[in-house]
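Nothing in this text is a laboratory measurement; each read-out follows from the coordinates by a stated rule. No experiment lies behind these values; they were computed from the predicted model shown. FYI the Cβ positions are ideal-geometry reconstructions off the backbone, even for glycines, and counts take in every protein chain you see.
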Amino acid sequence: MPQRDTIQHLISLQDLDDATLSSILELSMDLKRVSVAPGLAGKSAGLLFFRRSLRTRTSFEAAVHQLGGHSINLNASSDFWELEAHEGAIMDGRAPEHIKDAAAVLSRYLDVLAIRPALEGRSWEADRKDEGILAWAANADVPVINMESALWHPLQALADLMTLREALGDLRERRLAITWTNSPTYASPAVVHSLVLAALRQGMHVRVAHPDGYELDDRVMASARALATERGAELEVTGDRNAAVDGAHVVYARSWQSLADYGNPTLAASHRARTKDWRVDEALLARGADARLMHAMPVRRNVEVSDEVLDGPRSLIYDQAENRLHSQKALLLKLLSR
């Protein structure tokens, strides 16, 4: 069993230094072009889902299989019980087991743990702490990979960077517009948080457009502004999606939950009723510089993005989804070859 100080967890993409991130992206490209030896032969990966998943679950399981490993896929709603995350908790409630015990035991069976933790959904200040995924990392003796917490989605960010490099080549000074889109069901801001920081690390100029009330996490954005200064990149936040898209090389459409009304469905519905015109159509995309369209999916057609754009020649959504497979293969090889 590895010593704890040798373990590399992936909770956010910031856990990877620039050299490691670059090598993973280069390996991702190689793996997409050619098949490789089964580098995970004899390895077992545990996939624990506390929330639903389609692309993450399938791409991760396929990645492990194609590298010669074996995955054990567990769903919290059907395969095991609730787990307690708080240290020192008096466990007289619904959870019969603590994460520290589950992590210790699963570390004896597995070589890596990939987890999509639960969100309480009542308080952003509580959920943004990411206590669940951090508790797994603190108590596991194998690498822990975050498959989307409240704050971060590093796996999506890896695939997004790979897709951006495929489409644009050198990313320095390329322009990325991230625009909020209306949806009856909002996601957490994790994808956008991860993407903003990942793009700025590459020297991209980033504009984020959203209606009032849909501001991203203030501490994440403070880190993003500092990173932009460090990397010589530009970061702009605006309420004008037309201005955000003007001259952009890539338009990234994404709906995310208002942190101002987090946990308040009545207020959220009121906000949503005033933002129905926030979608990406051909007229908006045409404001870019031959702009490509990206979206992490699932996407509500003709609500978030029009069919014309999604099915058009500049849409990268299926390449973006496919690249989850290749980038996750590269990540697994890097983490498990240590």
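Counted by Cβ distance under 14 Å from F50, the other residues give a net charge of -4, where Lys and Arg count +1 and Asp and Glu count -1.
Averaging the sequence gap over all C-alpha pairs within less than 8 Å and six or more residues apart, then dividing by the number of residues, gives region 1-155 a relative contact order of 30 percent. Just to confirm the number: angle between the C-alpha axis of helix 18-33 and the first principal axis of the chain, 0 to 90 degrees, nearest 10? Around 90 degrees separate the two axes. Only helices enter this figure: runs of n ≥ 4 DSSP H residues, each worth -39500 (n - 2.57), summed and divided by the residues of the chain, yield -12000 deg cm²/dmol at 222 nm to the nearest 500. In region 91-187, Cα pairs under 8 Å separated by at least six residues give a relative contact order of 26 percent. Once Rg and Dmax of the Cα atoms in Å is calculated for the structure shown, the corresponding label among [x] 22.8, 82; [y] 22.0, 73; [z] 19.8, 58 turns out to be [z].
The spacing between region 288-332 and region 131-189, judged by their C-alpha centroids, is 14 Å. Along the axis of the charge dipole computed for region 1-145 (Cβ charges of +1 for Lys and Arg, -1 for Asp and Glu, origin at the Cα centre), the listed residues H9, L67, W124 are led at the positive end by L67. Relative to the longest principal axis of the Cα atoms of the chain, the long axis of helix 317-336 makes an angle of roughly 30 degrees. The alpha carbon radius of gyration of region 41-147, expressed as a multiple of 2.2 N^0.38 Å, is 1.08. Using equal-weight Cα scatterers in the Debye expression, the normalised intensity of region 156-321 in log10 at q = 0.14, 0.17 Å⁻¹ is -0.65, -0.98. Calculated FRET efficiency, N302 and R51, Cβ-Cβ r, R0 22 Å, to nearest 0.05? With a Förster radius of 22 Å, E is 0.30.
Counting only residues at least eight positions apart within a chain, or on another chain, the lysines with an alpha carbon under 26 Å from that of K334 are K32, K43, K100. Taking a point 7 angstrom from the Cα of D79 along the C-beta vector, which residues in region 102-135 have backbone N less than 18 Å away? Zone members listed by number: 102-119, 133.
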